[in-house]
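Single-structure report; data block below.
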């Protein structure tokens, strides 16, 4: 089986054994907003080029590939939902000969409308790898659009999006706050760390959220309190610190927390949790391949019917 | 006298009688980051082209023209400061034959470092036009970098910057939140107003600031709760509402408030104040010309010495 996480800015694939063991991995820059000439099919062919047996394997994909701007729109499934609900709603378009399964996103209307696409699969993977989380936990997926997800009895019951990563990107690249760090000497590791921690500290002591604090990234630079390149780390600390502060301040009960995703970013979040005096969440890494495998199993995707076997034999 | 407000993105000038009466106004798009070929001198010549007597008049300017990226850097004056302190610190560079006065910006270190350049002049103007504010007031100058300024006994004693306008601009132009409104049918006046008010309402009921709410501009759109073009007004309401909510929540005493600046933007702020159940601030319009005049008077700028008169006679 080939499992694919196809997001807005990148594309990752894993070749898997029938028991879910990852045999090989590949990645490319062809997110749905950044496709090569030839569009989705060309990106897929390029990604799988090193795997000569790929044409004979089942495909399952999650992420923005199933959005209205993706290859094939798969309607959202409503919360609460589990792996079985996602598997039942798998989109199965014809795509240039292949018929992959595309995992739907999740949607909620209460307490606030919200949506996710791709993260639901990582959550399924985290629960598959760490069954102790299934009873009740908060899973945090830091990123462009961070998700804070509540799981109870194996189901995703609700979630909240904080667009921390995108806020950091647009402020760094397009606002006056990013100006000093442009072309500045790179900052030393310990200075970067200190600036990040200073940002977290400022955010943690703000009673009014992060917006009133943003300009301090510039004021501190102009008044000599912060080096040019360190303004970037300070801003990161402000935004991440505020995201976590808001969660801790609003939470009504104490569930176990885990951080799902790449270690570097999750490590920054763990640091901020510690500074804010909260239990440091466990880091569980990238669980997308495990989630795709689990959903494929739920969908009966790994037990081809005789008919499918025949078709397959005809076309190769 | 010619008074100039020379900011980051635009340039405005007023021709004035010796008693401060505005005789004429001119403006151009040549902010300090958007200069024509020929730079600052060319922008000035173009701006004053319609005023044949301009070469014989005194010039006074405020705004980013005095910043490190401006024509001539004028060091910040520290708070607390009044019109006299600004007049004493006026920069007087030679600029292609003319010697304008450039108003310094203001700086504070406590309680948080902060800076302004241009707004100090508008505040001086507001106090000159409305002497009742001098005893104690909060002056609000909405904009790219909104300033919330405390005045006591005629002096600016402290201030705070909220980068609301820039946050709105970068999120609208560069983040996923701006996507739906791009190319969408323009929204009707009353729908825009309703969406703005809905944003203010959401911000007013948030206990954790605006960051956790930002993604709702997209979720509401995706789940059918908000029209494409109205997402822009909703976002504006979120940001303006949060800015005012944070001020009201943090304030320790009730000073009279006024809104300084263009009527359209100040009107939105007034609307949000009303929705938040606070006394609606008075609108005092653009007070930059009055401020430049007052500082010029304090600087003795309008009583040319005989020497200067001679020089002037020689060069024309």
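The values are calculated or read from the model by the stated rules, or taken from the named source; none is laboratory data. Since we're looking at a predicted model, the values are computed, not measured. With ideal geometry, Cβ positions are generated from the backbone for all residues, glycine too; neighbour counts draw on all protein chains shown.
Restricting attention to the range A:156-172, and to residues there that are without any contact (Cβ under 8 Å) to a residue 40 or more places away in the chain, facing another protein chain (nearest Cβ under 7 Å) and part of a helix (DSSP H, G or I), which single residue is surrounded by the fewest Cβ atoms within 10 Å (Cβ to Cβ)?
Among them, the one singled out is A:166.
Kindly indicate which of A:235, A:239 is in the same structural domain as residue A:181 (by TED's automatic domain parsing) and closer than 16 Å to residue B:213 by Cβ.
Unique residue meeting the criteria: A:239.
Go through (1) in a helix (DSSP H, G or I); (2) under 18 Å from residue A:121 (Cα atoms) and name the single condition residue A:55 misses.
Status for residue A:55: all satisfied but (2).
With respect to residue B:228, determine if the residue is within 14 Å of chain A (Cβ to nearest Cβ), under 24 Å from the mean Cα position of the chain (by Cα) and surrounded by fewer than 17 Cβ atoms within 10 Å (Cβ to Cβ).
The answer is no for residue B:228.
Given the options B:68, B:74, name the one that is farther than 18 Å from residue B:290 by Cα and surrounded by fewer than 18 Cβ atoms within 10 Å (Cβ to Cβ).
Checking each option against the conditions leaves just B:68.
Evaluate the range A:179-201: report whether one residue or more is surrounded by 19 or more Cβ atoms within 10 Å (Cβ to Cβ), within 9 Å of another protein chain (Cβ to nearest Cβ) and either at pLDDT 95 or above or in a helix (DSSP H, G or I) (or both).
no
Pairs only if they're at least six apart or on different chains, beta carbon under 8 angstrom, first in the range A:208-223 and more than 7 Å from chain B (Cβ to nearest Cβ), second surrounded by fewer than 24 Cβ atoms within 10 Å (Cβ to Cβ) and in a helix (DSSP H, G or I); list them, first residue then second.
A:213/A:202; A:218/A:176
Please go through the range A:107-125 and give me each residue that is within 13 Å of the chain's Cα centre (by Cα) and assigned to a loop (DSSP other than H, G, I, E, B), ordered by number.
A:117, A:118
What do you reckon, is residue B:23 loosely packed, with under 12 Cβ neighbours inside 10 Å and either touching a strand residue (DSSP E or B) at 6+ places or on another chain (Cβ under 6 Å) or outside any loop (DSSP other than H, G, I, E, B) (or both)?
It is true that residue B:23 is loosely packed, with under 12 Cβ neighbours inside 10 Å and either touching a strand residue (DSSP E or B) at 6+ places or on another chain (Cβ under 6 Å) or outside any loop (DSSP other than H, G, I, E, B) (or both).
Within the range B:136-155, is there a residue that is surrounded by fewer than 18 Cβ atoms within 10 Å (Cβ to Cβ), within 11 Å of another protein chain (Cβ to nearest Cβ) and under 23 Å from residue A:211 (Cβ atoms)?
Yes - at least one qualifying residue is present in the range B:136-155.
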